[in-house]
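Visitor: Before I ask anything, here is the structure I am working with.
A short reminder: the numbers here are calculations on the coordinates, not readings from a lab. Because the structure is a prediction, the values reported are computed rather than measured. Backbone-built Cβ (ideal geometry, glycine too); neighbour counts: all protein chains shown.
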Amino acid sequence: MDVIVVGAGASGLTAAIQAARKGARVLILEHMDKAGKKILVTGNGKCNFTNEKQGIAYYNGKNPAFVLPALRQFGFAETLQFFKELGIHPQNKRDGYYYPASGQAASVIKVLLLECKRLNIEIAYNVGIREIHRETEGFSFHTKQGIFESLCCIIATGGKAAKKTGSDGSGIPYIVGLGHKIIDLVPALVQLQGKQSFLKNIAGIRAEGTICLYIENRKKTEDFGELQLTEFGVSGIPAFQVSRYVSYGLLNHKHVFVLLDFLSDLALEDATTLMEQRFHTYGAGKSAAQALIGLFPEKLNRVFLKEARINLEKPAQNCSDKELAALAALTKALRIDIIGTKGFDHAQVSAGGVDTDQINPTTMESRIVPGLYFAGEVVDIDGMCGGYNLQWAWSSGFVAGSAAADNIRREK
Ligand SMILES: Cc1cc2nc3c(=O)[nH]c(=O)nc-3n(C[C@H](O)[C@H](O)[C@H](O)COP(=O)(O)OP(=O)(O)OC[C@H]3O[C@@H](n4cnc5c(N)ncnc54)[C@H](O)[C@@H]3O)c2cc1C
């Protein structure tokens with residue numbers, strides 16, 4: 001075989017298609033019974049497969065700029081065109097997020113598999129690989145089903161998130177065995193678990209706000225959007241976006257907390273003025289709890305008042321300026337100490353992976369083992385929520401497949 005791709009996920013299928021389009025004979029080894037199981041669950045089953053806003057700001061890892069050569073070769077426009085030709089009519093649902101017009105992630109897998117079939121790409125399912133060896137010429141794959149051989153190898157085994165879809169980290173030992181360094185894999189795009197007991201009282205609340213992440217009392221990052229409060233902590237896209245930093249902070253035994261700002265468009269002094277108006281100017285005949293009705297969800301009002309040590313029944317106009325300043329401060333910085341994330345099973349991706357110092361970003365070829373390529377989440381790149389992880393899978397897969405096929409042509 002010219003090229004063996006390990007993993008029939010988003011990046012592996014793209015790599016295989018591109019290598020075959022350039023004339024290589026390709027076999028994919030997949031340890032699950034089906035291809036693309038993770039694609040099926042993306043975007044709540046609708047597959048947010050790319051985003052028109054691109055740039056290194058949307059990618060993370062030790063070296064986010066590593067993504068640029070791949071995105072230049074196969075970026076947003078090329079991705080849309082690739083999928084259009086396969087049959088996926090793109091739909092920009094909101095804010096640059098693209099989905100297939102069918103609204104079904106299954107369509108994406110189906111068209112990729114149809115293209116594999118057209119190109120005579122073989123896919124061997126339920127293959128458990130024991131070892132991958134570098135041979136004098138090419139690679140050998142020792143599996144329960146026997147030994148497979150190829151001139152080039154593309155490892156596209158994904159990360160460790162949502163392991164029931166097949167990406168369970170079992171590709172990592174082969175990569176280490178072939179001499180590569182792995183940056184610690186941690187859950188990313190995942191819910192955060194908080195310590196405060198008031199969380200059980202605000203479960204179910206969804207409110208717009210800013211989440212500000214602090215690690216060892218230093219602000220690390222922030223994100224704005226719909227915060228979802230749950231009985232265990234904080235969820236919603238803003239929590240997802242900061243979660244990779246939470247995971248690394250906790251891995252390094254750092255103290256991690258978030259401040260939730262529910263009045264992001266007001267400065268603290270304006271928030272204090274707002275409280276004074278609601279309690280003192282317009283608060284006649286109202287209790288403290290009633291003075292907040294209409295500003296925040298009621299469960300949240302009760303938590304703010306309790307945390308500010310203001311009795312819910314206290315007449316609003318009797319609340320002191322000091323009490324109202326404390327209340328305003330809480331609405332702009334509700335502190336939740338983070339004790340964990342919901343882990344790999346609930347994460348959309350894992351951060352970490354093959355150290356990008358050891359990969360050529362223009363070809364995705366290993367700098368250590370010639371003829372070995374990497375694609376997708378297995379590399380130390382994780383994208384923000386919004387189609388960036390699949391974009392990285394398509395882009396790096398395309399580049400790896402293309403470069404592997406060029407390599408074969410040179411060898412022949
Ligand atoms: C719930 C959820 C929702 C998501 N939504 C989105 C979204 O809307 N947009 C977006 O951009 N991203 C989304 N993602 C992330 C995105 O799905 C992944 O980043 C992307 O699929 C990674 O592609 P990949 O090819 O690197 O890995 P995967 O798609 O995980 O594929 C890896 C493949 O390798 C196989 N494999 C693993 N180990 C071995 C082995 N040892 N031997 C043989 N085969 C092996 C696996 O079975 C799998 O088929 C979501 C993820 C989840 C879990």
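Visitor: Between GLY158, GLY236, GLY96, where does the largest GNM mean-square fluctuation fall for the chain, given springs only between Cα atoms within less than 10 Å?
Guide: It is GLY96.
Visitor: If you don't mind, there's one more thing I want to ask. Over the stretch 1-130, what is the percentage of antiparallel beta bridges among all DSSP beta bridges, to the nearest 5? Write down the numbers at each step before the final one.
Guide: On the way: 6 of 13 bridges.
Expressed as a percentage, antiparallel bridges in the stretch 1-130 total about 45.
Visitor: Under 10 Å, Cα contacts only: if you run a Gaussian network model on the chain, which one of GLU115, GLU30, GLU377 comes out with the highest mean-square fluctuation?
Guide: Between GLU115, GLU30, GLU377, it is GLU115 that shows the largest mean-square fluctuation.
Visitor: My understanding is that a pair violates if its Cα-Cα distance is over 19 Å; which of LYS53/LYS93; LYS286/LYS306; LYS117/LYS144; LYS160/LYS195; LYS220/LYS332 do that in this structure? List each step's numbers first, then the result.
Guide: On the way: LYS53/LYS93 13 Å; LYS286/LYS306 17 Å; LYS117/LYS144 25 Å; LYS160/LYS195 26 Å; LYS220/LYS332 17 Å.
Result: LYS117/LYS144; LYS160/LYS195 exceed 19 Å.
Visitor: How are the Cα pair distances of the chain distributed, in percent, across 10 Å bins from 0?
Guide: Bin by bin from 0 Å, the calculated values are 5, 22, 27, 19, 13, 8, 5, 2, 0.
Visitor: Compute the relative contact order of the stretch 191-342 as a whole-number percentage, counting only Cα pairs closer than 8 Å that sit 6 or more residues apart in sequence. If you can, show how the numbers build up before the last one.
Guide: Values: 309 pairs, mean separation 46.8, N = 152.
Here the relative contact order equals 31 percent.
Visitor: Right, next: For the chain, give me the percentage of DSSP beta bridges that are antiparallel, rounded to the nearest 5 percent. Mind dumping the intermediate values first?
Guide: Values: 53 of 69 bridges.
That works out to approximately 75 percent antiparallel.
Visitor: What distance in nm separates the simple spin-label points at ARG410 and ILE339, each placed 7 Å from Cα in the Cβ direction?
Guide: 5.5
Visitor: Per-residue ellipticity at 222 nm for the chain, helices alone: DSSP H runs ≥ 4 residues times -39500 (n - 2.57), over residue total, nearest 500 deg cm²/dmol? Provide the component values of the computation, followed by the final result.
Guide: On the way: 13 runs with 132 residues, N = 412.
Helix-only estimate at 222 nm: -9500 deg cm²/dmol.
Visitor: As a test of the definition: which semi-axes, in Å, follow for the stretch 65-211 when you take the square root of five times each eigenvalue of its alpha carbon gyration tensor? Largest first, please.
Guide: Numbers: eigenvalues 243, 137, 54 Å².
With the √(5λ) rule applied to the stretch 65-211, the semi-axes are 35, 26, 17 Å.
Visitor: I'd like the orientation of helix 237-251 relative to the chain: the angle between its Cα long axis and the longest Cα principal axis, in ° from 0 to 90, rounded to 10.
Guide: 80
Visitor: What does the net charge come to around VAL186 if you take all other residues with beta carbon closer than 10 Å to its beta carbon, with K and R at +1 and D and E at -1? The partial results should precede the final answer.
Guide: On the way: positive: LYS160, ARG244; negative: ASP184, ASP382.
Computed value for this residue: 0.
Visitor: Among the lysines, select those whose C-alpha is under 17 Å from the C-alpha of LYS163, and discard any that sit fewer than 8 residues away in the same chain.
Guide: Straight-distance partners of LYS163: LYS34, LYS37, LYS38, LYS342.
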